[in-house]
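The values are calculated or read from the model by the stated rules, or taken from the named source; none is laboratory data. As the structure is a computational prediction, the values presented were derived from the model and not from experiment. Cβ: placed from backbone, ideal geometry, glycine included. Neighbour counts: every protein chain shown.
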Amino acid sequence: MRSGKSSDASTQPTVRAPKRFFYRLYLVIAWVLTKLLFRVRYIRDPRITREGGPYFVVGNHVSYLDPIFCLLALDKLSIRFVAGIEVTSGRLLKKLLAPLAMIPIKPFRVSYSTTREIIASIRSGLSVALYPETQRSIAGDLTPFGLSTAKLIRHLRVPVVSVLARGGYLGWPRWAKMFRPGHVELETRLLFTAEETAELSLDDIQDRLTKAITTEDYDWQLRRRRPVRYFSMKPAQGLARICHWCPACDRPLSMESGKHRLSCRHCGQAFRLDLTGFFTAAHGSRPYFDHPLEFAKWQSHRLERALEEGEVLSNPCRIEFHEHLIEDGVMPEKTICQGVCKLVRDGILFTDEHDHGEIFFRWERRRLSIRRSVSLRMYHRMERYGVSILSLKDLRR
């Protein structure tokens with residue numbers, strides 16, 4: 001008969017530590033590239049030492065480069081990252097990231113195996129990093145998140161470190177296909193001591209955590225003596241994916257983005273986006289907003305009001321079911337469907353153009369901004385169903 005102790009030990013996940021040689025090699029390569037492209041400035045908290053760990057690391061999530069910035073900001077530590085399974089399952093990325101021993105997680109759902117691996121890593125002396133927002137920021141502000149990270153912090157009872165990236169969003173906006181060389185500031189801070197994680201209430205932990213990772217690059221630009229310029233030959237291209245509702249003629253899905261301009265195809269209202277990320281009014285147009293985040297916030301409230309009044313937004317689109325995101329692991333017969341998506345008050349109604357079958361996806365949060373036919377926030381809510389949605393208009397581009 002086995003003892004309870006040996007039984008518990010057998011259920012513990014095997015902890016994989018990052019491979020030291022490749023980990024340090026990646027850091028050197030990343031340091032050189034980010035120094036050349038982003039002139040990274042580090043503001044490090046002296047209380048964060050190798051001897052004081054392991055640490056639980058959190059940060060604001062604004063671009064694909066955040067994990068690289070985090071590793072560089074905490075270059076004295078050995079960190080395992082919690083990353084979406086869609087990142088860790090790709091053929092090329094899987095091989096490249098294998099030496100970093102990343103912890104995979106399925107987006108927007110509770111994963112007990114991931115939680116167990118985080119706990120086991122911390123107990124074995126490895127620091128672990130994750131982003132409470134679970135996805136990159138849409139317009140540069142904080143994406144709301146629940147209490148799961150705060151609960152994990154209370155359970156782990158180890159020091160918590162925050163890594164704040166300023167300039168990271170403007171260096172690679174969510175709507176842009178490629179990064180934009182410029183300047184980034186990385187600030188590390190000891191957010192909680194081990195004692196504080198045990199003493200503070202869950203609400204206090206959540207409040208401090210939220211404040212610590214809340215930052216907006218546009219405010220940061222305004223506080224600087226000289227705003228940073230982020231190099232791009234086409235700074236406005238793709239901006240219509242998040243800023244689509246014309247404030248002049250009040251029509252949704254009407255804005256189009258060119259190389260330097262965001263303009264309405266109906267009334268001609270136009271904004272010119274400069275290299276600092278701010279709008280300047282085009283000739284003959286009213287300056288409604290200072291920057292895209294202001295536009296997106298106004299649009300979110302306007303869309304919320306439209307849905308409350310019963311308006312329905314629709315557009316042709318395509319949906320794809322992803323095997324690694326399907327909750328029960330059972331793929332439908334048709335993995336790619338074309339039809340029409342309707343944005344309604346409680347979610348998305350998709351109608352297949354071939355068999356006229358309907359699928360309804362309900363969302364849990366309704367803070368929205370539209371990506372052509374569907375919300376980018378809603379687009380990522382769809383991942384919890386193992387689905388992605390693309391506008392046919394985008395597919396033709």
Kindly indicate whether any position in the stretch 49-57 is outside any loop (DSSP other than H, G, I, E, B), over 14 Å from S127 (Cβ atoms) and modelled with pLDDT of 95 or more.
-> no
Per-region count, the stretch 39-77, residues of a type in the set (G, A, S) and over 23 Å from the mean Cα position of the chain (by Cα) = 2
Reported set for the stretch 234-275 where residues are more than 18 Å from F179 (Cβ to Cβ) and charged (D, E, K, R) is D250, R251, E256, R261, R265, R272
Does L33 count as under 30 Å from V228 (Cα atoms), without any contact (Cβ under 8 Å) to a residue 40 or more places away in the chain and surrounded by fewer than 20 Cβ atoms within 10 Å (Cβ to Cβ)?
-> yes
T215 fails exactly one of (1) assigned by TED's automatic domain parsing to the domain that holds P54; (2) among the hydroxyl-bearing types (S, T, Y); (3) over 23 Å from V58 (Cβ atoms), namely (3)
Does L97 satisfy the condition of being exposed (fewer than 15 other Cβ atoms within 10 Å of the Cβ), within 21 Å of the chain's Cα centre (by Cα) and over 18 Å from V58 (Cα atoms)?
-> no
Apart from one, (1) out of contact with any His (no Cβ under 9 Å at 6 or more places or on another chain); (2) more than 16 Å from L191 (Cα to Cα); (3) surrounded by fewer than 22 Cβ atoms within 10 Å (Cβ to Cβ); (4) among the hydrophobic types (A, V, I, L, M, F, W, C) all hold for L152; the odd one out is (2)
Taking the condition without any contact (Cβ under 8 Å) to a residue 12 or more places away in the chain and under 20 Å from the mean Cα position of the chain (by Cα), does D204 pass?
-> no
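Rundown of residues vs (1) over 19 Å from Y169 (Cα atoms); (2) surrounded by 19 or more Cβ atoms within 10 Å (Cβ to Cβ); (3) more than 22 Å from the chain's Cα centre (by Cα); (4) assigned by TED's automatic domain parsing to the domain that holds G171, yes/no style:
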{"site": "Y230", "(1), (2), (3), (4)": "no, yes, no, no"}
{"site": "W245", "(1), (2), (3), (4)": "yes, yes, yes, no"}
{"site": "P252", "(1), (2), (3), (4)": "yes, no, yes, no"}
{"site": "A282", "(1), (2), (3), (4)": "yes, no, yes, no"}
Within the stretch 116-128, can you find the residues that are surrounded by fewer than 18 Cβ atoms within 10 Å (Cβ to Cβ) and not hydrophobic (A, V, I, L, M, F, W, C)?
-> R116, R123, S124, G125
Do we have V87 as among the hydrophobic types (A, V, I, L, M, F, W, C) and not in a helix (DSSP H, G or I) here?
-> no
Would you check if L164 is closer than 18 Å to C70 by Cβ and modelled with pLDDT of 90 or more?
-> yes
Can you run down the residue pairs with Cβ atoms below 9 Å, 6 or more apart or on separate chains, where the first is in the stretch 139-166 and on the phi > 0 side of the Ramachandran plot and the partner is of a type in the set (K, R) and surrounded by 17 or more Cβ atoms within 10 Å (Cβ to Cβ)?
-> G140/R174
Scanning the stretch 180-195 for residues that are out of contact with any Pro (no Cβ under 9 Å at 6 or more places or on another chain) and of a type outside the set (V, I, T), the one farthest from R229 (Cα to Cα) turns out to be E195
Of Y64, Y131, Y42, Y112, which residue is surrounded by fewer than 19 Cβ atoms within 10 Å (Cβ to Cβ), touching an Asp or Glu at 6+ places or on another chain (Cβ under 9 Å) and either among the hydroxyl-bearing types (S, T, Y) or free of Cβ contacts under 8 Å to residues at least 60 places away in the same chain (or both)?
-> Y42
Can you spot a residue in the stretch 66-78 that is part of a loop (DSSP other than H, G, I, E, B), modelled with pLDDT under 90 and not hydroxyl-bearing (S, T, Y)?
-> no
